[in-house]
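Engineer: Below are the structure tokens for one structure; questions will follow.
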Amino acid sequence: MITEQNVPLQPHNTFGIVARARLLVRVASTADVLAVLADPALAPEPKFVLGGGSNIVLTGDVRPVVLKVEIMGRRLVADTPRAWIVEAGAGEPWHGFVGWTLDQGLPGLENLALIPGTVGASPVQNIGAYGVELQDRFDSLDAVDLQTGREFTLDAAQCAFGYRDSVFKHTAAQAGDLGLAGRALITRVRFRLPKPWKPVLGYLDLERKMAETGVREPSARQIYDWICAIRSAKLPDPRVIGNAGSFFKNPTVTPEQCSDIIAREPGIVHYPMPDGSIKLAAGWLIDACGWKGKTVGNAGVYEKQALVLVNRGGTAHPATGGEVMTLAGAIQTSVYERFGIRLEPEPVVV
Ligand code: EPU
């Protein structure tokens, strides 16, 4: 367990926002987490769990003790006739973990390649891309309750996954016993990769790749390569342009609301969901309001994908969290005024 004071957080958030942590503790094992909770000075303090910092907007210095999760390790836990079970430490970078599974000949996570962040953060927002959500490959996770020091394991049902949502995004006050926001530190996550492997190719961008290349039966490695190419072409690399991925969730509306909007806006991009609701492309809504490429202070809307807000000031003159939130608020207002739809931010605002 290593404790540091007055730590710059700019290298620890993919937006590249400048802020400081009063106290930052690097935790490399469950024992480290338990040591923090047993420490007389640290135990009573509020805690903030930091993974790869790829889904947060820092709006000021962080007063709670920052627990930087650096629990590593990857292994095949079980090889059964129906699935491979793989496990990774919460501090493992997600994309590296996906590559490792493929190197081991364990397919199933390839559609989730190149998502920034750590393994421990992946269940929090139930990451998803190109037709696969984390919940489709999730087995279970281990965590520590930061209030009681109790270690516990949750299965998928207990995580209450939803679209970019889980039990880890809700406080107990909002969700009763189900809320674990600010309370759980995830230490390890296990994934269930079903056998036989079946490619997930239904997404339009992947269909285009198949048509372009003539490859009709791609391997998991081929899909991984395609996903990396698709994402790189559309999304900014956080190492080059600070960002937190999609800034808003894609909103859902009723079929009636959707017909009403289509009558006014025939071009609106929408997808029917299995539960009968309709999902609208938030990127399209923002784009339609003319935001693509716009800038407020040093915060901007990415030129190639209006759903992504970016830091235009680099590391020298980075956007502040306030500028990012002002821009986000202006976008929400204009989308609401034009479409009557309230966009909900995806990252956690700290
Ligand atoms: N669109 C526009 N203008 C834009 C952006 C998008 O018209 O500026 C249209 C596109 O033409 C497309 C539709 O909106 O028809 C949807 O766009 P895209 O396929 O890029 O997907 P998305 O809905 O914007 C979601 C996820 C991404 C994920 C992709 C692929 C959310 C909030 N975002 O984006 O996840 O990679 O699908 O599955 O669900 C993330 O969460 O950080 C993230 C990047």
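Engineer: Hey, rough spin-label estimate for residue 4 and residue 172, points 7 angstrom out along Cα→Cβ, what's it come to in nanometres?
Structural biologist: Each label point lies 7 Å from its Cα, and together they span 3.2 nm.
Engineer: Further question: Calculate the dipole size of region 242-349 relative to its Cα centre from +1 charges on Lys and Arg beta carbons and -1 charges on Asp and Glu beta carbons; express the result in debye to the nearest 20. If you can, show how the numbers build up before the last one.
Structural biologist: On the way: 9 positive and 10 negative charges, 55 e Å.
For region 242-349, the charge dipole is close to 260 debye.
Engineer: Shifting gears a bit: Along Cα→Cβ, 7 Å out, is where each label goes; now give me the distance between the ones at residue 35 and residue 342 in nm to one decimal.
Structural biologist: 4.5 nm
Engineer: What are the semi-axes of the equivalent ellipsoid of region 2-69, taken as the square roots of 5 times the eigenvalues of the Cα gyration tensor, listed largest first and rounded to whole Å?
Structural biologist: Values: eigenvalues 88, 31, 17 Å².
Values for region 2-69, descending: 21, 13, 9 Å.
Engineer: Charges on Cβ only, +1 for Lys and Arg, -1 for Asp and Glu, centred on the Cα centroid of the chain; of 345, 154, 140, which one is farthest towards the dipole's positive end?
Structural biologist: In the chain, that residue is 345.
Engineer: Ranked highest first by average number of other Cβ atoms within 10 Å, how do 216-228, 148-160 line up?
Structural biologist: Working: 216-228: 17.1, 148-160: 14.2.
Per-residue mean Cβ counts within 10 Å order the peptides as 216-228, 148-160.
Engineer: Among the listed pairs 195/249; 169/249; 249/292; 249/304; 249/294, which are separated by more than 22 Å between their Cα atoms? Write out the running numbers ahead of the final one.
Structural biologist: Values: 195/249 31 Å; 169/249 14 Å; 249/292 17 Å; 249/304 17 Å; 249/294 20 Å.
Table pairs above 22 Å Cα-Cα are 195/249.
Engineer: I would also like to ask the following. What nm distance separates the two modelled labels at residue 228 and residue 28, each placed 7 Å from Cα along Cα→Cβ?
Structural biologist: So the label points at residue 228 and residue 28 sit 2.9 nm apart.
Engineer: For region 265-284 and region 199-217, what is the separation of their C-alpha centers, rounded to whole Å?
Structural biologist: 22 Å
Engineer: Follow-up question, since we're still on this one. First check a/c for region 135-178, with a ≥ b ≥ c the square roots of the eigenvalues of its C-alpha gyration tensor; if it is under 1.5, answer rounded, and if not, answer prolate when a/b is larger than b/c or oblate otherwise. Can you show the working numbers first?
Structural biologist: On the way: a/c = 2.53, a/b = 1.17, b/c = 2.16.
Judged from the Cα gyration tensor, region 135-178 comes out oblate (a/c at least 1.5, b/c at or above a/b).
Engineer: Over the chain, what lengths in whole Å, largest first, do the semi-axes of the equivalent ellipsoid take, defined as the square roots of 5 times the eigenvalues of the alpha-carbon gyration tensor?
Structural biologist: Largest first, the chain gives 31, 27, 20 Å.
Engineer: Here's another thing I want to ask about it. Could you give the radius of gyration (one decimal) and Dmax (whole number) of the Cα atoms in region 242-349, in Å?
Structural biologist: 14.4, 48
Engineer: Still on this model: Under unit Cβ charges (Lys, Arg +1; Asp, Glu -1), what dipole magnitude, rounded to 20 debye, does the chain have relative to its Cα centre?
Structural biologist: Working: 35 positive and 36 negative charges, 84 e Å.
So the dipole magnitude of the chain works out to roughly 400 debye.
Engineer: Counting other C-beta atoms within 10 Å, and keeping those with at most 13, which DSSP coil trypsin sites (Lys or Arg not before Pro) do you find in region 1-94? Walk me through the numbers on the way to the answer.
Structural biologist: On the way: sites: 20, 22, 26, 47, 68, 74, 75, 82; in loops: 82.
Those that pass, being in a loop and sparsely packed, are 82.
Engineer: Can you give the helix-only mean residue ellipticity at 222 nm for the chain, where every DSSP H stretch with n ≥ 4 adds -39500 (n - 2.57) and the sum goes over all residues, rounded to the nearest 500 deg cm²/dmol?
Structural biologist: Numbers: 9 runs with 88 residues, N = 350.
When only DSSP H runs of four or more count, the value is -7500 deg cm²/dmol.
Engineer: Within the set of other residues whose C-beta is less than 14 Å from the C-beta of residue 3, count the net charge using Lys and Arg as +1 and Asp and Glu as -1. It would help to have the intermediate numbers written out before the result.
Structural biologist: Working: positive: 22, 26, 47, 68; negative: 4, 32, 39, 45, 70.
Value of the local net charge: -1.
The numbers here are math on the coordinates, done by the rules we state, and not lab data. The structure presented is a predicted model; accordingly, all values stated were derived computationally and were not measured. As a convention, Cβ positions derive from the backbone with ideal geometry for all residues, glycine included, and neighbour counts pool all protein chains shown.
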